[in-house]
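Okay, structure first, notes after.
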Amino acid sequence: MPPVHEGNVSSRTSLKRVIPIWAPILLLLIVAAGGYLFYKTPTNPGPATLELPEHPTPPGHQPAMFEGTVQAYGNNPEGDMDKILLRSEKGEIWLHFPPHTARQVIEAAPLHATVSVQTDRRGPTGPGADHRCELKALKNNSSNTEIILSDISPPAPSAGTEAEVRGNAAHDLEIGTSPGNTFMLSKKQISLPPHMAEELLPLIRRAGNIVVKGKMRDSTQGFVSASGHPVIQATLVQLDSISYKIR
């Protein structure tokens, strides 16, 4: 019988203690898990889906594109159309546009039309300002009429043409049906500066005969009045025998 060396027996015994019996099983599980992850990971992932922001929007610029149905048009205190109300899948939202683009916007997107719009949402710009969504581009989904608002240049400054309107307060005057700083006289929309409207409108209600002199805006400039009538920027208002120069 060959001699037994105690050193060899001790070495084999130590090796068995260092490598537990479950180690090969753990190694197989790690290899299997790595192969599964490699197989499931896509080699060419597709583009991410862009989620449209909810209405109303937080402050800051947030370009967005969505579809909606035209519900109404709105105007500024001077009586010029400058906003459109759309109903989208996220609710109703007002989109503001420059007043000089109103004619083209309204022609491209009449009431109840379905349109695709590109907007730029802006946050408050000063005390008391609210969130406003600016209309950048619009496409009528039925007619494919498309307009980009930045391509519509504002009109050159113009003093307008001299105009004079006369009327009787009892028969020719309408106040309350016109927006903001305006009133209707003999089917003409008279526009006043805000500080003068606050002072004169109560006096106009109590007047008898009214004469207004001013500048009539060129109808080709792209503006659309809420009343649908010509707009006169008043320079003088005469109530009976008293004249008020508009500053």
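The values are calculated or read from the model by the stated rules, or taken from the named source; none is laboratory data. Only a predicted model underlies this, so the values are computations on that prediction, with no experimental measurement involved. FYI the Cβ positions are ideal-geometry reconstructions off the backbone, even for glycines, and counts take in every protein chain you see.
Laid out as a table, the results:
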| quantity | calculated |
| --- | --- |
| Residue identified as more than 28 Å from the chain's Cα centre (by Cα), in contact (Cβ under 8 Å) with a residue 40 or more places away in the chain and surrounded by 15 or more Cβ atoms within 10 Å (Cβ to Cβ) among ILE246, ILE147 | ILE246 |
| Qualifying positions in region 177-192 - at negative phi and either in contact (Cβ under 8 Å) with a residue 60 or more places away in the chain or surrounded by fewer than 16 Cβ atoms within 10 Å (Cβ to Cβ) (or both) | THR177, SER178, PRO179, ASN181, THR182, GLN189, SER191 |
| Checklist (1) part of a loop (DSSP other than H, G, I, E, B); (2) out of contact with any helix residue (DSSP H, G or I) (no Cβ under 8 Å at 6 or more places or on another chain) applied to GLN189, failing item | (1) |
| Residue list for region 82-117, filter: under 11 Å from CYS133 (Cβ atoms) and touching a Ser or Thr at 6+ places or on another chain (Cβ under 7 Å) | LEU86, LEU95 |
| Residues located in region 202-239, provided they are on the phi > 0 side of the Ramachandran plot and surrounded by fewer than 17 Cβ atoms within 10 Å (Cβ to Cβ) | GLY228 |
| Subset of region 87-121 [in a strand (DSSP E or B) and of a type in the set (Gly, Ala, Ser)] | SER88, GLY91, SER116 |
| Residue selected from region 59-77 under the condition more than 18 Å from ALA137 (Cβ to Cβ) and at pLDDT below 80, by the criterion surrounded by the fewest Cβ atoms within 10 Å (Cβ to Cβ) | GLY60 |
| Exclusive hit being part of a helix (DSSP H, G or I) and either in contact with a His (Cβ under 6 Å, 6 or more places away or on another chain) or assigned by TED's automatic domain parsing to the domain that holds THR182 (or both), set ILE204, ILE232, ILE210 | ILE204 |
| Residue within region 167-177 that is outside the structural domain of THR69 (by TED's automatic domain parsing), under 30 Å from VAL115 (Cα atoms) and not in a helix (DSSP H, G or I) present | yes |
